[in-house]
Amino acid sequence: ATASTVLTGALLVGDSVRGSLRDLALDRLGGTESAILPGRFIPEALATCFASTAGSPAIAPAILLRGSGVRPDTRARATIIQVIGVTDAFAALYPGDAAFLASLLGAEDRSPFPRIAINRSLARALGAVVGDPVLLRMPRPQDAPAETLLGRRDEESLVVSLRGTVAAVLPDSGAGAFTLAAHQAAPLNAFVRLDDLQRAAAIEGRINLLLIAGRTPGAGRTPDPGGGLEERLRQGLSLEAMGLLLREGSGH
């Protein structure tokens, strides 16, 4: 009887933990079914190849960078944060958090500094509230790595700095907990407009992440993950998207 009780309890606890981790992962992903994270920057226009056919899923182009955050007035610092450049398409993946994205992406803002939305974990690390200034620093994307012969090593070429104002503090759930990493710890997230991040990093028209919707937020997986994602990607790929340049010479 004791052995049966112990085994039954262990099975119940294990099943509960698996269920909790699954719910946590689905909550963080919102309506995302598939993600393309190529490890390099690609043309933002590549997103249109998925929207060119009837019944195409919603596509959210984005930029995902690792960096650090600083409050200039108090010098409070947070490291290993996620800086995420988003558009209004990202809001469609998190219907319950659409309000924060509206405040972040609103065109009525006249402030000279970009708006930044941070999650509660990052707010605690920086001691920041709405209206506080925040400085984000990230590695600057380069075609040639800094450690190679052709790589640039000066600080301006290596680091992107973006100073903005906290527009919203999000809970550590839903969009505020967005991450593609498989771990339980709450990420430190800072959201900015995609075009603001592109201008700061001098990579206009380029992204390094595509999120593809394919299910109702909180529901299970769809029978056809990505809705023919690989075929649509294959049809839409160009040499530029793959980082290749074709030059035609005389007879070659």
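Quick one: would you say PRO187 is closer than 30 Å to ASP23 by Cβ and at pLDDT 85 or above? For PRO187, the condition - closer than 30 Å to ASP23 by Cβ and at pLDDT 85 or above - is met. Among the conditions (1) modelled with pLDDT of 90 or more; (2) surrounded by 11 or more Cβ atoms within 10 Å (Cβ to Cβ), the only one that LEU237 does not satisfy is (1). Taking region 83-139 as the region of interest, the helices (runs of 4 or more DSSP H) fully inside it that hold 1 or more residues being modelled with pLDDT of 90 or more and more than 15 Å from ALA200 (Cβ to Cβ) are 120-126. Flag set for ARG18, criterion: modelled with pLDDT under 85, basic (Lys, Arg) and open to solvent by 40 Å² or more (accessible area, probe 1.4 Å). Of ALA202, ALA213, ALA185, all but one fail to be open to solvent by 10 Å² or more (accessible area, probe 1.4 Å) and on the phi > 0 side of the Ramachandran plot; the exception is ALA202. Residues that are open to solvent by less than 30 Å² (accessible area, probe 1.4 Å) and either touching a helix residue (DSSP H, G or I) at 6+ places or on another chain (Cβ under 9 Å) or without any contact (Cβ under 8 Å) to a residue 12 or more places away in the chain (or both) within region 189-199 comprise ASN189, ALA190, PHE191, VAL192, LEU194, GLN198, listed in sequence order.
The residues listed here are ARG66, ARG75; of these, the one that is open to solvent by 30 Å² or more (accessible area, probe 1.4 Å), under 30 Å from GLU230 (Cα atoms) and either part of a loop (DSSP other than H, G, I, E, B) or at pLDDT 85 or above (or both) is ARG66.
Restricting attention to region 177-195, the residues being under 15 Å from the mean Cα position of the chain (by Cα), outside any strand (DSSP E or B) and more than 16 Å from ALA60 (Cα to Cα) number 6.
The values are calculated or read from the model by the stated rules, or taken from the named source; none is laboratory data. All values reported here derive from a predicted model rather than from experimental measurement. Here Cβ is always computed from backbone atoms with ideal geometry, including for glycine, and neighbour counts include all displayed protein chains. Accessible surface areas use protein heavy atoms only, side chains included; no ligands, DNA or RNA. Shrake-Rupley method; radii C 1.70, N 1.55, O 1.52, S 1.80 Å.
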